[in-house]
Every structure is written in C-alpha cells, then in structure tokens.
C-alpha cells in the first residue's frame, strides 16, 4: 500500500472520530465484509440503501444469507417499496455507502427519493457506512464536484434515468452551486445532506477500504 494512501485513510478516520463517528479503515473488501459481519447480530432487522460498494464487498450476499431479517427491496413488488422504506427507519442496522467523505470527517450524500439520507439522519439504531478510498476528498466543495462529475453520471447511467449527464458524462449544473442540475423527471439528485459532528456518538459507523469501490 502506498504511504500517501495510508496517511490519507488514517487522517480521515481521525477526523471522523473527532465528529463522533465510529470509524476505521481496512486493507481489502474482504476485511470490510468481516467488519460488517461482526457489527450485525443474528436475527436483527437490517435494511440498506442502494449501493454498488455493498454488492462488491459481498455484503448484500451476507444480508440475504438468512441470518437476518433483511428488508430487501429487490424481493418485493414495486408498489410495496415505499412501505418497506418506511419500515427501514425502525431497523436495528442500516447499511449504505457514501457519495463522498471529506478529510475533515464529513459525509456528503445526494439522493433522489431521500430514503437513504433520511435513514442516515434518523431512525435506525445503527448506521454502517462502507466506502472505498476513492470516495475520500479534501473538503465539501470537492465532494460536490465528485458527485457532479463521477457519482451522479455513473449512477444515472446504471439506473437508465435518461438524464443529460448520462450523455455528456457530467452534471448539467456543474458550474452552479451544489443543488444546480437538470430539470428532468429522471433526476436522482434531489436531497443533499452533509453529516458532521454527531449528537449521538458512534451511531454512525464508517468502514473505509483501501480499494476503489463503487462510484
């Protein structure tokens, strides 16, 4: 592992802890999977936000192993998903990734429906965030640009939204403020949340992985 990467991970973990999040870093996605396994209790109710990172780490397979009461939106008809989202707010543990994490210890997330950021803010007893080192940025302005140039176009393409960023590769509002963007039906950037110093210590747990994961 490059020394520069190790120092960046350690610096970010220290900043997250200063903001009262329970943070650590691991060398590989297999280590992240084991960390998550240790944090979950058999039989507890778990839910998650949409995440390529969770899938790449094998965490989605773990959640579907039968060891937990997993509120799996992929397993219910479309008309039942809103009710499942509401049930997720009462989960014992909620798993997700983050669109960006600053070296100052902040999480930056942008949602379409808002179910993921809503659960991050309030509801589930524990929130477990798993993110690759590629999600680490210097500050909030860099986090905003990361979403506009990388995360939003990639996720919009994956979800076949038909938004302008799927064609040009970057947000239509790239030169505007954080909420500037297209005015289309398929837009997935509607709710913007920065998580800083936490009132409830260690409710949010952040596992950083020294790999490139997700968008």
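The values are calculated or read from the model by the stated rules, or taken from the named source; none is laboratory data. Not measured: the values here are computed from a predicted model. Note: ideal-geometry Cβ built from the backbone for every residue, glycine included; neighbour counts use all protein chains shown.
The figures follow:
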item	result
Helices (runs of 4 or more DSSP H) fully within the stretch 96-215 counting 1 or more residues that are modelled with pLDDT under 95 and over 21 Å from residue 15 (Cα atoms)	152-158, 165-168
The stretch 9-35, subset in a helix (DSSP H, G or I) and touching a strand residue (DSSP E or B) at 6+ places or on another chain (Cβ under 6 Å), residue surrounded by the fewest Cβ atoms within 10 Å (Cβ to Cβ)	17
Residue selected from the stretch 59-87 under the condition touching a residue at least 24 places away in the same chain (Cβ under 8 Å) and within 30 Å of residue 145 (Cβ to Cβ), by the criterion surrounded by the most Cβ atoms within 10 Å (Cβ to Cβ)	59
Residue in the stretch 40-47 that is in contact with a helix residue (DSSP H, G or I) (Cβ under 7 Å, 6 or more places away or on another chain), more than 14 Å from residue 127 (Cα to Cα) and surrounded by 19 or more Cβ atoms within 10 Å (Cβ to Cβ) present	no
Residues being surrounded by 19 or more Cβ atoms within 10 Å (Cβ to Cβ) and either touching a residue at least 40 places away in the same chain (Cβ under 8 Å) or more than 17 Å from residue 97 (Cβ to Cβ) (or both) - total across the stretch 130-143	7
Test result for residue 176, surrounded by fewer than 14 Cβ atoms within 10 Å (Cβ to Cβ) and more than 15 Å from residue 129 (Cβ to Cβ)	yes
Residue that is nearest to residue 42 (Cα to Cα) [pool: residues in the stretch 55-70 that are touching a strand residue (DSSP E or B) at 6+ places or on another chain (Cβ under 7 Å) and part of a loop (DSSP other than H, G, I, E, B)]	68
